[in-house]
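The values are calculated or read from the model by the stated rules, or taken from the named source; none is laboratory data. Just so it is clear, the structure is predicted and the values come from calculations on it, not from any experiment. Please note: Cβ atoms are built from the backbone with ideal geometry, for glycine as well, and neighbour counts cover all protein chains shown. What goes into the accessible areas is simple: the full protein's heavy atoms, side chains included, and nothing from ligands, DNA or RNA. Shrake-Rupley method; radii C 1.70, N 1.55, O 1.52, S 1.80 Å.
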Amino acid sequence: MKFRAKIVDAASLNHFTRVSNMIAKLAKTCTLRIIPDKLNFILSDKLANGGVSMWCELEQENFFSEFQMEGVSAENNEIYLELTSENLSRALKTAQNARTLKIKLTNKHFPCLTVSVELLSVSSSSRIVTHDIPIKVIPRKLWKDLQEPVVPHPDVSIYLPVLKTMKSVVEKMKNISNHLVIEANLNGELNMKIETELVCVTTHFKDLGNPPLASENASQDRNPEQMAEVHLDIRKLLQFLVGQQANPTKALCNIVRNKMVHFDLLHEDVSLQYFIPALS
């Protein structure tokens, strides 16, 4: 099992750092899946037990100038590593204005992901800063639990409003209630509402638009005004929104009535899928 990769382009390095920061905000520990053409950051808490799931995917050629890997075997050419997200994010923070970044699978008394950053000093000589991030190699028999989640057919699919706006609304709602309802229809309308014995608060978003397929797939007899709703733990939704530092290129919300909400985001060339189960 071998893995080594190198980034020399400054824009790619900054983008990879942003992705790593986002993952650290979304998941305390995650699985890094390495295959010849892609990297995935995976969080797989069982939705049935109320946990969230995440599947983040990036094409290695968009980031790395060199990328070599050998998986567990020729027929299973994959590597699955468990790591603390914050450790990777912290290591990459030192890589701002770096000349190069190298990542390598090593064994230093314990398995590590070794991140080496070449920094330019004032005298134009360079110095290397090295971080050894402890990892666990995930055995082949557990891979089946770490596959890309199957997305059930949504009742409503709708484009999201500006995520910063959503975040500030949810932060205020969190002071009043522990759970909220997201509802949306095929008329481009999305509402977030909380209800307690004392107060009922609803925020309305209009004219968001629905993806063309969503409107076509909707049964012909379905009223486009009809709302599909899901009850969520407000902290889980807020954690997702806090993780989004930059506004994505595309942001979709798929609601499976009373089961889950699936967020499908594209940050330039990095895709993020995030699943939050409904409260029973």
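Note that region 236-241 has calculated 3J(HN,Hα) couplings of 5, 5, 5, 4, 4, 5 Hz, one per residue in order, obtained from phi through the Karplus relation 6.51 cos²θ - 1.76 cosθ + 1.60 (θ = phi - 60°); glycine and proline are x.
Here the relative contact order of region 1-150, from alpha carbon pairs under 8 Å that lie six or more residues apart, stands at 26 percent. Close Lys pairs in region 82-192 (alpha-carbon distance under 19 Å; sequence gap of 8 or more, or different chains): 7.
When both region 162-181 and region 1-70 are represented by their alpha-carbon centers, they are found 28 Å apart. Once the 1.4 Å probe is applied to the protein heavy atoms, region 167-218 comes out at 57 Å² accessible per residue.
Near GLU59, within a Cβ-to-Cβ distance under 10 Å, what is the net charge of the other residues, with Lys and Arg +1 and Asp and Glu -1? Intermediate results must be reported in sequence, preceding the final value.
Numbers: positive: LYS38; negative: ASP37, GLU57, GLU61, ASP269.
Summing Lys and Arg as +1 and Asp and Glu as -1 gives -3.
If only the Cβ of Lys and Arg carry +1 and only the Cβ of Asp and Glu carry -1, the dipole of region 1-108 around its Cα centre is close to 580 debye. Partner aspartates and glutamates whose Cα lies under 17 Å from the Cα of LYS28, excluding those fewer than 8 positions away in the same chain, are identified as ASP45, GLU82, GLU86. In the chain, helices alone account for a calculated mean residue ellipticity at 222 nm of -5500 deg cm²/dmol, with every DSSP H run of four or more residues adding -39,500 (n - 2.57).
For the chain, the relative contact order works out to 19 percent when only alpha carbon pairs closer than 8 Å and six or more residues apart are counted. Ordering HIS231, ASN175, SER89 by the projection of their Cα atoms onto the charge dipole of the chain, which places +1 on the Cβ of Lys and Arg and -1 on the Cβ of Asp and Glu, puts SER89 at the extreme positive end.
Sequence-ordered 3J(HN,Hα) estimates for region 70-79 from the Karplus curve with 6.51, -1.76 and 1.60 and θ = phi - 60° stand at 10, x, 4, 7, 4, 7, 10, 7, 9, 10 Hz, glycine and proline given as x.
Here the chain is assigned +1 on the Cβ of each Lys and Arg and -1 on the Cβ of each Asp and Glu. Its dipole about the Cα centre then comes out at about 1200 debye. Placing dummy labels 7 Å off each Cα toward the beta-carbon, the span from LEU119 to LYS250 is 3.9 nm. Please work out which option in (i) 20.9, 72; (ii) 19.2, 61; (iii) 24.8, 82 gives Rg and Dmax of the Cα atoms in Å calculated from these coordinates, and answer with its label. Label (i) holds the value from this structure. Taking ARG235, ARG4 and ordering them by how much accessible surface each has at a 1.4 Å probe, largest first, produces ARG235, ARG4. Taking a Cβ cut-off of under 13 Å around ILE234, the surrounding Lys, Arg, Asp and Glu residues balance to a net charge of +3, with basic ones at +1 and acidic ones at -1.
Give the shape of region 1-54 as rounded, prolate or oblate, defined through the alpha-carbon gyration tensor: a ≥ b ≥ c are the square roots of its eigenvalues, a/c under 1.5 means rounded, and otherwise the shape is prolate if a/b is larger than b/c and oblate if not.
Working: a/c = 3.34, a/b = 1.66, b/c = 2.02.
Oblate, because a/c is 1.5 or more while a/b does not exceed b/c.
For region 140-153, the Karplus equation 6.51 cos²θ - 1.76 cosθ + 1.60, evaluated at θ = phi - 60°, returns couplings of 3, 5, 9, 4, 4, 7, 10, 8, 4, x, 7, 8, x, 5 Hz by residue, with Gly and Pro reported as x.
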